Amino acid sequence: MKYFLLLFILVFSQIGISQSNDKTDLYKNYREDQFYASVTYNLLNSKPDGLAQSGFSTGFHIGFIRDMPINKDRDFAIGLGIGFSLNSYNQNLSIIEENKVIIFSILNEDEINVSKNKFSTYLVEVPLEIRWRTSTASDYNFWRIYTGFKLGYMLHNSTKLKSSAGDVQLSNIDSFNKFQYGLTLGAGYGTWNFHAYYGLNSIFNDDSKLNSETIDMNVIRLGLIFYIL
């Protein structure tokens, strides 16, 4: 009986040591902020004359970023991931199709009553980040500054105009640039952080013209981002 009790104690002490080592390794190899969700206010930058935004243009963004620490303290890392982005832009740019040609013009709201005019974009995105933070394996509230680059591919786009002159809805028109890319910044402390995106290329392609001029207009997104795990 004594030998059995001794064997029992030895076996379970080894299991306890093994579990403790597993936890130690887990903490030693911890990663941070691999899932994100963000809400933004979307701005159109370098707008053509006469084009103005109206209402509240929003963006919703979710994704996963693989955190890859590159130093012993694991407070400096590279992140690479994939995400999905939904954006809407309320403005006064009329987008209609005539004889399979997309025509752009500025809505004259002195002549017609416009209840809604917006275009929306749906993108799959690949974020690449350089990440600095004050985290430890056991501290869940810490300062962070993440800078990076984001490449997006437009899966779908749509336009919607509702006015007293009639309603127009279009989908997947060729006027948008399929690839959208820009610089990103995430910074703050704890749960919610400031997030910014600055588009480096135009949201419309070179064939999209207003009054015979190319619509060379990029996107700025400002908002909050939430990180977990």
Filter the range 51-97 down to residues that are part of a loop (DSSP other than H, G, I, E, B) and basic (Lys, Arg) and give me whichever is surrounded by the most Cβ atoms within 10 Å (Cβ to Cβ).
-> 74
For the range 156-171, does any single residue satisfy the condition of being within 20 Å of the chain's Cα centre (by Cα) and crowded, with 19+ Cβ neighbours inside 10 Å?
-> yes
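Inside the range 144-215, counting only strands (runs of 3 or more DSSP E) that do not spill past its ends, which hold 3 or more residues that are out of contact with any Gly (no Cβ under 7 Å at 6 or more places or on another chain)?
Details: elements: 166-171, 179-189, 192-199.
The qualifying strands (runs of 3 or more DSSP E) are 166-171, 179-189.
Give 149, 119 a once-over and let me know the one that is in contact with a strand residue (DSSP E or B) (Cβ under 6 Å, 6 or more places away or on another chain), within 28 Å of residue 222 (Cβ to Cβ), of a type in the set (A, V, I, L, M, F, W, C) and surrounded by 19 or more Cβ atoms within 10 Å (Cβ to Cβ).
Values: 149 fails: surrounded by 19 or more Cβ atoms within 10 Å (Cβ to Cβ).
Every option except 119 fails the conditions.
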Using beta carbons and a limit of 6 Å, which pairs, at least six apart or on different chains, have the first residue in the range 67-86 and assigned by TED's automatic domain parsing to the domain that holds residue 157 and the second one of a type in the set (Asp, Glu)?
-> 67/32; 77/67; 79/67; 79/129; 83/125; 85/125
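On the basis of being within 30 Å of residue 34 (Cα to Cα), at pLDDT below 95 and within 20 Å of the chain's Cα centre (by Cα), does residue 191 make the cut? Walk me through how you get there before you give the answer.
Details: within 30 Å of residue 34 (Cα to Cα): yes; at pLDDT below 95: yes; within 20 Å of the chain's Cα centre (by Cα): yes.
Here the answer is yes, as residue 191 does meet what is asked.
Suppose we filter 199, 190, 186 for residues that are on the phi > 0 side of the Ramachandran plot and assigned by TED's automatic domain parsing to the domain that holds residue 150; which single one remains? Walk me through it before giving the result.
Details: 199 fails: on the phi > 0 side of the Ramachandran plot; 186 fails: on the phi > 0 side of the Ramachandran plot.
So the residue among 199, 190, 186 that is on the phi > 0 side of the Ramachandran plot and assigned by TED's automatic domain parsing to the domain that holds residue 150 is 190.
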Quick check: anything in the range 76-91 at pLDDT below 95 and of a type in the set (S, T, N, Q)?
-> no
Boolean, residue 139 is surrounded by fewer than 16 Cβ atoms within 10 Å (Cβ to Cβ), assigned to a loop (DSSP other than H, G, I, E, B) and not aromatic (Phe, Trp, Tyr) = yes
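Yes or no: the range 92-115 includes at least one residue that is of a type in the set (Gly, Ala, Ser) and under 24 Å from residue 223 (Cβ atoms).
Of all residues in the range 92-115, those of a type in the set (Gly, Ala, Ser) come to 94, 105, 115.
With under 24 Å from residue 223 (Cβ atoms) added as a condition, the list becomes none.
No, that holds for no residue.
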Among residues of the range 201-227, those that are more than 16 Å from residue 89 (Cβ to Cβ) and under 15 Å from the mean Cα position of the chain (by Cα), counted = 4
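For the range 118-136, does any single residue satisfy the condition of being closer than 26 Å to residue 49 by Cα and within 14 Å of the chain's Cα centre (by Cα)? Full working, then the answer.
Narrowing the range 118-136 to residues closer than 26 Å to residue 49 by Cα: 118-121.
Subset that is within 14 Å of the chain's Cα centre (by Cα): 121.
Within the range 118-136 (the criterion being closer than 26 Å to residue 49 by Cα and within 14 Å of the chain's Cα centre (by Cα)), the answer is yes, since at least one residue qualifies.
The values are calculated or read from the model by the stated rules, or taken from the named source; none is laboratory data. On a predicted model such as this, the values are computed, not experimentally measured, just so you know. Don't worry about glycine lacking a Cβ; one is built from the backbone with ideal geometry, like all the others, and counts go over all protein chains shown.
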